[in-house]
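Inspection log for the structure reproduced underneath, given as structure tokens.
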Amino acid sequence: MRHHGRVTQQNAGLGALADRLWCRLHLDRLAGGRQADYVIREDMLDHPETVRSFRWIRWLLVAETVVGLTAIVVAILLTHAGQTVPWAVWFRATVVLLITLTLYVFAWRAQLGYYWAYQRLRLFSRIFPVVTLVIAAIPGLYPFWMVIEQIVFSLLMIGIGDVLTTDHMRATFPKPARRSGAAAG
């Protein structure tokens, strides 16, 4: 079952073009596996709480993008000022931006009703803060300003996780029924 055509109904611009390309390349099948075709009910997507939740998620992702870009700008300014910026800082700043891009994709597909995207976004919003805070706790790996950046990144991810695990969002994205017997194997 394909999504409800929401992208093409909302606009005929970049979102519709991206959706057509995404569907033509069968990327939902690649990213979602067995659950690629499982889409939630359209009335749940239109629910005001669902709309409000995805609006919060978008703003939190924008904030994460700002945090990631700020880390790169700070590293560039420090480098131009003659300070040595460790490779770990450059690597981390780049990874944060790439992670955020994948989260935008998951949020986009979840907002179209794809259960797999909701699950990935929910999973990553739990894992990334833990990994980030553990790495930030390694003495001497990052300068103090980068440790602060990682804490802020983690808090924003925890915020996304909180939005995704509200009673409403869990009811909106119910777990698909298991396939029986030979179909599940």
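The values are calculated or read from the model by the stated rules, or taken from the named source; none is laboratory data. Just so it is clear, the structure is predicted and the values come from calculations on it, not from any experiment. Cβ atoms come from the backbone with ideal geometry, glycine included; neighbour counts cover every protein chain shown. Surface areas here come from the heavy atoms of the whole protein model, side chains and all, with no ligands, DNA or RNA. Shrake-Rupley method; radii C 1.70, N 1.55, O 1.52, S 1.80 Å.
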Roughly how many Å² is the accessible area per residue of the stretch 37-120, as a whole number, for a 1.4 Å probe?
52 Å²
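Please give the length that would be gained between ALA177 and VAL105 if that part of the chain were fully extended, namely 0.36 nm times their separation in residues minus their C-alpha to C-alpha distance (nm, one decimal).
Details: separation 72, 0.36 × 72 = 25.92 nm, distance 2.47 nm.
So the chain would gain 23.5 nm between ALA177 and VAL105.
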Förster radius 22 Å - calculated FRET efficiency between ARG126 and ILE148, Cβ distance, rounded to 0.05:
0.50
Separation in nanometres of the label points that stand 7 Å from Cα toward Cβ, at THR166 and LEU77:
3.5 nm
Where the accessible area of the stretch 60-107 is counted over protein heavy atoms with a 1.4 Å probe, how much of it, in %, is carbon and sulfur?
81 percent
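Can you give the net charge of the other residues whose Cβ lies under 13 Å from the Cβ of ILE158, counting K and R as +1 and D and E as -1? Before the final figure, lay out the partial values.
Working: positive: ARG122, ARG126; negative: GLU64, ASP162.
Net of charged neighbours comes to 0.
For ASP46 and VAL134, what is the calculated FRET efficiency with R₀ set at 45 Å and r taken between the beta-carbons, to the nearest 0.05? Display every interim value, and only then the final one.
Values: r = 39 Å, r/R0 = 0.88.
For R0 = 45 Å, the calculated efficiency reads 0.70.
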